[in-house]
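Data block below; observations after.
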Amino acid sequence: MKVVTPKSFMYKGGERAVLLLHGFTGNTVDVKRLGKYLNDRGYTCYAPLYKGHGLTPEELIETNVEDWWQSVVEGYQFLKSQGYEQIAAVGLSLGGVFSLKLAYNFSVSGVVTMCSPMYQKKDEAMQKRVIDYASNYKKFEGKSEETIEAEMAEFQKVPMNNILTIRDFILDVQENLDQVFAPLFVAQGRLDHTINLESVNNIYNGVNSYEKELKWYEESGHIITLGPEREQLYEDIYEFLELL
């Protein structure tokens with residue numbers, strides 16, 4: 001069975017644009033409902049798919065965090081090239097880290113981080129995440145259990161040094177949080193077991209944004225954009241953007 005590869009998407013709306021950024025091993029589907037919600041309320045929404053994401057696990061591990069960051073920059077520059085001057089960066093997980101980095105490298109009207117890490121887990125945890133991605137991808141391909149087991153045994157022999165560059169990237173962003181001055185909205189799921197929840201306070205207290213807000217979603221996990229409180233999250237993000 002052929003896997004349908006996710007793609008970048010754009011919903012054209014008004015003059016104000018939102019750059020929607022997905023997380024590590026995720027894809028644009030994770031932010032598509034949010035994009036449609038905001039577009040229905042007048043915003044132009046663009047979500048780039050990072051290099052290597054949505055593809056085979058073998059292709060994913062050939063890329064690194066600088067490649068994904070470049071995809072983000074290209075997404076921002078694409079919106080600029082289309083004439084959008086007011087661009088808000090809204091990111092899930094690692095996408096939120098990218099949003100913060102955008103804020104101190106480019107002009108953004110506002111920043112939203114959702115379940116974004118400031119403390120990277122151990123290498124073993126990162127490798128497990130990639131292995132889980134690989135296993136699930138092969139299941140979606142419709143391969144037999146025997147084939148998956150054999151391919152996974154080979155896959156786990158491949159060095160994942162590229163993936164592990166995420167840690168240094170996040171640390172660099174953490175050290176530059178005081179350069180973020182754009183209005184900020186931090187959203188965090190209380191049931192998120194993927195990141196260190198202290199990241200929330202690190203982001204909120206680390207930036208120099210005059211306008212900033214932190215909200216916990218008590219029933220939500222890591223992929224908060226698709227969780228049980230997603231409609232409330234969408235509304236909160238919309239209300240934040242309307243104040244910019």
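Data table
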{"quantity": "Where a residue in segment 220-233 is farther than 17 Å from residue 21 by Cβ and its partner, wherever it lies, is among the aliphatic types (A, V, I, L, M) and assigned to a loop (DSSP other than H, G, I, E, B), with Cβ under 6 Å and at least six apart", "calculated": "221/191"}
{"quantity": "Segment 203-223: number of residues that are open to solvent by 20 Å² or more (accessible area, probe 1.4 Å) and assigned to a helix (DSSP H, G or I)", "calculated": "3"}
{"quantity": "Residue list for segment 146-193, restricted to those being among the hydroxyl-bearing types (Ser, Thr, Tyr) and either more than 30 Å from residue 212 (Cβ to Cβ) or open to solvent by 60 Å² or more (accessible area, probe 1.4 Å) (or both)", "calculated": "147"}
{"quantity": "Within segment 153-167, tally of residues that are among the charged types (D, E, K, R) and either closer than 13 Å to residue 94 by Cβ or touching a Leu at 6+ places or on another chain (Cβ under 8 Å) (or both)", "calculated": "1"}
{"quantity": "Residue 137 vs. criteria of a type in the set (Phe, Trp, Tyr), open to solvent by 60 Å² or more (accessible area, probe 1.4 Å), in contact (Cβ under 8 Å) with a residue 40 or more places away in the chain and more than 16 Å from residue 45 (Cα to Cα)", "calculated": "no"}
{"quantity": "Hey, residue 90 at pLDDT 95 or above, of a type in the set (A, V, I, L, M) and surrounded by fewer than 22 Cβ atoms within 10 Å (Cβ to Cβ) or not", "calculated": "no"}
{"quantity": "Matching residues, segment 13-24, being touching a helix residue (DSSP H, G or I) at 6+ places or on another chain (Cβ under 8 Å) and surrounded by fewer than 22 Cβ atoms within 10 Å (Cβ to Cβ)", "calculated": "13, 16"}
{"quantity": "Filter pass, residue 5 being of a type in the set (S, T, N, Q), surrounded by 18 or more Cβ atoms within 10 Å (Cβ to Cβ) and over 28 Å from residue 198 (Cβ atoms)", "calculated": "no"}
{"quantity": "Among (1) open to solvent by 50 Å² or more (accessible area, probe 1.4 Å); (2) over 22 Å from residue 39 (Cβ atoms) - the single one residue 226 does not satisfy", "calculated": "(2)"}
{"quantity": "Residue 196, sole failed condition from (1) in contact with a Pro (Cβ under 8 Å, 6 or more places away or on another chain); (2) open to solvent by less than 60 Å² (accessible area, probe 1.4 Å); (3) within 20 Å of residue 129 (Cβ to Cβ)", "calculated": "(2)"}
{"quantity": "Filtered residues of segment 105-130 (kept if without any contact (Cβ under 8 Å) to a residue 60 or more places away in the chain and not hydroxyl-bearing (Ser, Thr, Tyr))", "calculated": "105, 106, 120, 122, 123, 124, 125, 126, 127, 128"}
{"quantity": "Count - residues of segment 118-134 that are within 22 Å of residue 197 (Cα to Cα), surrounded by 13 or more Cβ atoms within 10 Å (Cβ to Cβ) and over 16 Å from the mean Cα position of the chain (by Cα)", "calculated": "3"}
{"quantity": "Those residues of segment 113-129 which are outside any loop (DSSP other than H, G, I, E, B) and either more than 17 Å from residue 66 (Cα to Cα) or basic (Lys, Arg) (or both), in sequence order", "calculated": "113, 114, 123, 124, 125, 127, 128, 129"}
{"quantity": "Every pair of residues 6+ apart whose Cβ atoms lie under 8 Å, when the first sits in segment 56-80 and is over 26 Å from residue 139 (Cα atoms) while the second is crowded, with 20+ Cβ neighbours inside 10 Å and at pLDDT below 95", "calculated": "67/52"}
{"quantity": "Per-region count, segment 30-44, residues open to solvent by less than 10 Å² (accessible area, probe 1.4 Å) and either among the aliphatic types (A, V, I, L, M) or free of Cβ contacts under 8 Å to residues at least 12 places away in the same chain (or both)", "calculated": "3"}
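The values are calculated or read from the model by the stated rules, or taken from the named source; none is laboratory data. Just so it is clear, the structure is predicted and the values come from calculations on it, not from any experiment. Cβ coordinates were reconstructed from backbone atoms using ideal geometry, including for glycine residues, and neighbour counts include every protein chain displayed. Accessible surface is based on the protein model in full, side chains and every heavy atom, while ligands, DNA and RNA are left aside. Shrake-Rupley method; radii C 1.70, N 1.55, O 1.52, S 1.80 Å.
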